[in-house]
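Working notes, structure below.
The values are calculated or read from the model by the stated rules, or taken from the named source; none is laboratory data. Since this is a predicted model, take the numbers as computed values, not measurements. We place every Cβ from the backbone using ideal geometry, glycine too, and count neighbours over all the protein chains shown. For the accessible areas, the whole protein counts, side chains as well, though only heavy atoms, and no ligand, DNA or RNA atoms are used. Shrake-Rupley method; radii C 1.70, N 1.55, O 1.52, S 1.80 Å.
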Amino acid sequence: MTHSTVQDPDTPSMQLDNASPAEMDLDGDLENGLIRPLDSEELVLALEEARILVIGAGGLGCEILKNLALTGFKNLDVIDMDTIDVSNLNRQFLFRRKDIGKPKAIVAAEFVMQRVPGVQVTPYFGKIQDKDDDYYRQFQTVICGLDSIEARRWINAKLVDMVDDEDPTSLKPLIDGGTEGFKGQARVILPTINSCYECSLDMFNKPTTFPICTIANTPRLPEHCIEWASVLEWPRVWGKEVKYDTDNPEHITWLYQQAQTRAEKFNITGVTYSLTQGVVKNIIPAIASTNAVIAVFKIATSTAPYLNNYMMYTGNDGIYTYTFEHQKKPECPVCGNLTSSVTLDPNMRLDEMIDWLKDKPDAQMKKPSLRIEGLSLYMQAPPALEIATRPNLSKTLSELLEEGDIITVTDASLPVSLQMKVNWK
């Protein structure tokens, strides 16, 4: 549903609304805001020829796959690295109890093909990072049912990096958005043309962290108990070398049970399995499936103007929608064409700069590696290089850099590098 405005009945677009289909100039329909006939041979052919990639086969991914198939799309692909857990069955309706433990992508694909004859759904059980450019070039549009910032940043950067100005088919629209309770948003990203996901990264809050003293001694919230289980209790029981897997239902269940026991000890309520998942996986609202499917339908068939480019919906006390154009940032590290400039204290240590990059709202790095021309400042991997560059962490920036140097930053969360020009305070 989009926010509309009242038009003068004498305007050209209102006059065209009263025209017969035969009188319409189809080439000008989109410019005039007209919706083309939904039963035309042209539209049916467009749906049959389009190949759409759905990333994520969870609660929202299931809805997206079902809606795409019923809308008339014939060639779908789905990627998901998760297996089905009993806790998924209340909302991920493509799965049954007999499917527990099986890959979500494979089961979802089989279910949709069984229920909607003529639709081909090709599954991949694994990570989006497993696939190369040739894989993503197959698709007309990519639609995300993701619940993490890191995965969204990766696929956004991948699609931007794939664009070749000499090849229009290299541009793959990305449909993304989010929902939380009765609120939601949807957006259309045309890589290199309008604002990408990285342009709006500062809209998302950095994950909340809690002081160790609080979670260890004076927990007051259910999140404190979950943090205690994951940060303190897991390494105590299993050892610091053993990391829990946020996609392993057995690990999440263990953390949930430990957190619940601690919550009971301190008379704290509200610890649930889903909250435990949200805290340890840093789950953020995922895509609003109905708006996403409408967006991909418009792009694939040219039946109507597509969303440009951000829609917000609030349904707490009624129905309210607002559409606006999120601006592209010239200095965006992914889609921008300008090197960003940063003003730094020359007395700042390199390890402090790395922490600054992790906290910076428009960077949000996890494990950044830094280098300048001719010198690796600090590299997270491989181990031999990490050891070799580790002494630089305690050095000041003025010992390692000169004003005007360009720092290249790489991070596991992004398939592209960031360029930063250094200015001294």
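Of all the residues in region 103-124, those that are in contact with a strand residue (DSSP E or B) (Cβ under 6 Å, 6 or more places away or on another chain) and surrounded by fewer than 19 Cβ atoms within 10 Å (Cβ to Cβ) number 3. Cβ contacts < 6 Å: first residue among the polar types (S, T, N, Q), restricted to region 42-70; second residue in a helix (DSSP H, G or I), any location; separation 6+ or different chain. Result? Cβ pairs passing all conditions: 67/293. Listed by first and then second residue, the pairs linking a residue in region 147-162 that is farther than 22 Å from residue 281 by Cα to a residue that is open to solvent by less than 10 Å² (accessible area, probe 1.4 Å) and not in a helix (DSSP H, G or I), with Cβ atoms under 8 Å apart and 6 or more places separating them unless they lie on different chains, are 159/142; 159/174; 159/189; 159/191; 160/191; 160/196; 162/191.
For region 71-117, a tally of residues being in contact (Cβ under 8 Å) with a residue 40 or more places away in the chain and in a loop (DSSP other than H, G, I, E, B) returns 6. Hey, can you tell me all the residues within region 395-425 that are touching a helix residue (DSSP H, G or I) at 6+ places or on another chain (Cβ under 7 Å) and open to solvent by 60 Å² or more (accessible area, probe 1.4 Å)? Selection gives 395 alone. Selection over region 272-293 of residues that are at pLDDT below 60, surrounded by fewer than 19 Cβ atoms within 10 Å (Cβ to Cβ) and not in a loop (DSSP other than H, G, I, E, B) gives a count of 1. On the stretch given as region 144-164, residues that are among the β-branched types (Val, Ile, Thr), closer than 12 Å to residue 174 by Cβ and modelled with pLDDT under 90 total 2. Here region 248-271 is the region considered, the condition is being outside any helix (DSSP H, G or I) and loosely packed, with under 15 Cβ neighbours inside 10 Å, and the residue that is modelled with the lowest pLDDT is 248.
Reported count of residues in region 370-387, each being at pLDDT 90 or above and open to solvent by 70 Å² or more (accessible area, probe 1.4 Å), is 1. The single condition from (1) at pLDDT below 80; (2) open to solvent by 20 Å² or more (accessible area, probe 1.4 Å); (3) in contact with a strand residue (DSSP E or B) (Cβ under 9 Å, 6 or more places away or on another chain) that residue 337 fails is (3).
Exactly one residue out of 100, 175, 193 is open to solvent by 30 Å² or more (accessible area, probe 1.4 Å) and under 21 Å from the mean Cα position of the chain (by Cα): that is 193. Across region 21-68, the qualifying residues are those that are touching a strand residue (DSSP E or B) at 6+ places or on another chain (Cβ under 7 Å), of a type outside the set (Val, Ile, Thr) and in a helix (DSSP H, G or I), and the one among them that is modelled with the lowest pLDDT is 61.
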